[in-house]
């Protein structure tokens, strides 16, 4: 993990860190000072090295990385069935995102950050030869990509497992007649998104329980994938917050009527 913000987040979460490498020429600002103090108090080895060594360790060329941490992330579910089983055992309604295509690592990093903040249980991405959780994705996600399962799974097999698991499958499509705020996003759900400027493939849409759109009134025809994802994720949280408030009000009213 590299970058001051990412390393700080990992330190604050008390993840086991084997070693920290710091640019020997880095100025000791507030964030660097906190990294130094925390590393010292937790007795984490810290080495000052030159920028070229930091680039070699981080596997990112051409970027000034002042600090890199070698950490041992938590063990996460490796398959979709494992993830669903973990949710059920915890007594939680599964909340998943399924991405049809991720063109830019920045998008996956931003989506992982939002997903982690919103309590999403996992992100499904297409099968690829390379691990999608790259050092840059981890940096952009502020370390969240290490704590939210990102599982490689073929779309059709994933949809089959999701349906058998009882999840409501909602596809996001720019031409869907129904707006996202008109759909019921509460409970066990998987939100399916396509790629940048692309509709969901017809075979995927047919396997969704419903499709929704995000209304657009400007000159642009689509939103950035991570932005669209954030809108839908927080609409679900908004609906559930309203639902919980209503339940509490009804419960209080019934108690007063006894």
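Values in this text are rule-based calculations from the coordinates and carry no lab data. Computed from a prediction, not measured in an experiment: that's the story for all the values here. All Cβ positions, even for glycine, are placed from backbone atoms using ideal geometry, and neighbour counts span all protein chains on display.
By counting other Cβ atoms within 10 Å of each Cβ, how are 21, 234, 180, 156 ranked from fewest to most?
156, 234, 180, 21
Label-point separation (nm) for residue 250 and residue 30, each offset 7 Å from Cα along Cα-to-Cβ?
If labels sit at residue 250 and residue 30, their model points lie 4.6 nm apart.
Taking the chain as the reference, fit the longest principal axis to its C-alpha atoms, fit the long axis of helix 30-41 to the helix C-alpha atoms, and give the angle between the two in degrees, 0 to 90, nearest 10.
80 degrees
Once R0 is set to 22 Å, what does the formula 1/(1 + (r/R0)^6) return for the Cβ-Cβ distance between residue 16 and residue 131, expressed as a FRET efficiency to the nearest 0.05?
E between residue 16 and residue 131, to the nearest 0.05, is 0.60.
On each of the three principal axes of the Cα atoms of segment 68-221, give max minus min coordinate, whole Å, ordered largest first.
47, 39, 28
Ranking 189, 44 by Cβ neighbours within 10 Å, fewest first, what do you get?
Ranked by crowding around the Cβ, least crowded first: 44, 189.
Please sort 159-171, 134-146 by packing, taking for each peptide the average over its residues of neighbouring beta carbons within 10 angstrom, highest first.
Top to bottom by mean Cβ count within 10 Å: 134-146, 159-171.
Which value in nm describes the separation of the simple spin-label points at residue 86 and residue 222, placed 7 Å from the Cα toward the beta carbon?
3.1 nm
What 222 nm value per residue comes from the helices of the chain, counting each DSSP H run with n ≥ 4 as -39,500 (n - 2.57) and dividing by all residues, nearest 500 deg cm²/dmol?
-13000 deg cm²/dmol
Separation of segment 10-80 and segment 91-150 by C-alpha centroid, Å?
21 Å
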